[in-house]
Amino acid sequence: MHQPPEPGTNVPPLNPPDAPWSADASSHHIEPEGKSAQLADEVLWKERLYPNVWVWIIIVGLAFVPAVIFAPIDMSIGIVASVIALIILVIMMLTSMPTILVTRTSLRVGPAHIDRTYIGTAEAFTREEATRQRGTALHGLTYLCIRGWIDAVVKIEITDPEDPAPYWLVSSRHPDELAELLTARTPQP
């Protein structure tokens, strides 16, 4: 009969650190040791998916809405509300920008990460084909990290039999280079 663990004993996590993928990128990080481990964590690619200028213009425009709403009551309240709205919108935008990070051993896209041994092929798509990949060709279980202000996407095949996602679809401003890096078999240290 299975006994519950004693208080204060070490209970294994539901998603162990050696699991090949996890949606929580921060809780399963193991610090490597030695020179070979430093090579394993060497960053080969880092891309932050920043918004385009027109997105920032829209955010500034939306920040003026409280000024218009409060103008009949008191313009100073409207200006203060607009400044607060702008600060909130900028903070929300900055904290929601995902990062693509490729090392010799792993791929991180936003909060998700996977061991590179479970990555198959990677294909870059632009223009109409990228739109088709985001729309009619999209599989229902795909992990998505797409941003509307970035046209190109990279389709990354996942070969882990336990991962329900057949592939990841990721926005990138440099899709060809990212796909080439992910498809190339990086030598392990």
Restricting region 31-56 to residues that are closer than 30 Å to ARG147 by Cα and either modelled with pLDDT under 80 or assigned to a loop (DSSP other than H, G, I, E, B) (or both), which is nearest to the chain's Cα centre (by Cα)?
LEU49
Before we move on, is ALA124 of a type in the set (A, V, I, L, M), over 14 Å from the mean Cα position of the chain (by Cα) and either modelled with pLDDT of 95 or more or surrounded by 13 or more Cβ atoms within 10 Å (Cβ to Cβ) (or both)?
yes
Take ILE87 and decide whether it is at pLDDT 95 or above, within 27 Å of TRP56 (Cα to Cα), touching a strand residue (DSSP E or B) at 6+ places or on another chain (Cβ under 8 Å) and among the β-branched types (Val, Ile, Thr).
no
Residue identified as farther than 23 Å from PRO111 by Cβ and not aliphatic (A, V, I, L, M) among GLU157, GLU162, GLU129
GLU129
Filtering region 71-84 down to residues that are assigned to a helix (DSSP H, G or I) and either open to solvent by 70 Å² or more (accessible area, probe 1.4 Å) or of a type in the set (Asp, Glu) (or both) yields MET75, ILE77, ILE79, VAL80, VAL83, ILE84
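Residue-by-condition table, conditions (1) touching a Leu at 6+ places or on another chain (Cβ under 7 Å); (2) over 20 Å from ALA152 (Cα atoms):
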site	(1), (2)
ASN52	no, no
ILE58	no, yes
PRO66	no, yes
ALA71	no, yes
ILE77	no, yes
MET92	no, yes
PRO98	yes, no
Please state which one of ARG134, ARG108 is at pLDDT 95 or above, open to solvent by less than 80 Å² (accessible area, probe 1.4 Å) and closer than 24 Å to ARG173 by Cβ.
ARG108
For residues that are assigned to a helix (DSSP H, G or I) and open to solvent by 100 Å² or more (accessible area, probe 1.4 Å), scanning just region 57-70, find the one that is nearest to LEU86 (Cα to Cα).
ILE57
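The values are calculated or read from the model by the stated rules, or taken from the named source; none is laboratory data. It should be emphasised that the depicted structure is a prediction, and the values quoted were computed from it without experimental measurement. Backbone-built Cβ (ideal geometry, glycine too); neighbour counts: all protein chains shown. Surface accessibility is based on the protein's heavy atoms, side chains included, excluding ligands, DNA and RNA. Shrake-Rupley method; radii C 1.70, N 1.55, O 1.52, S 1.80 Å.
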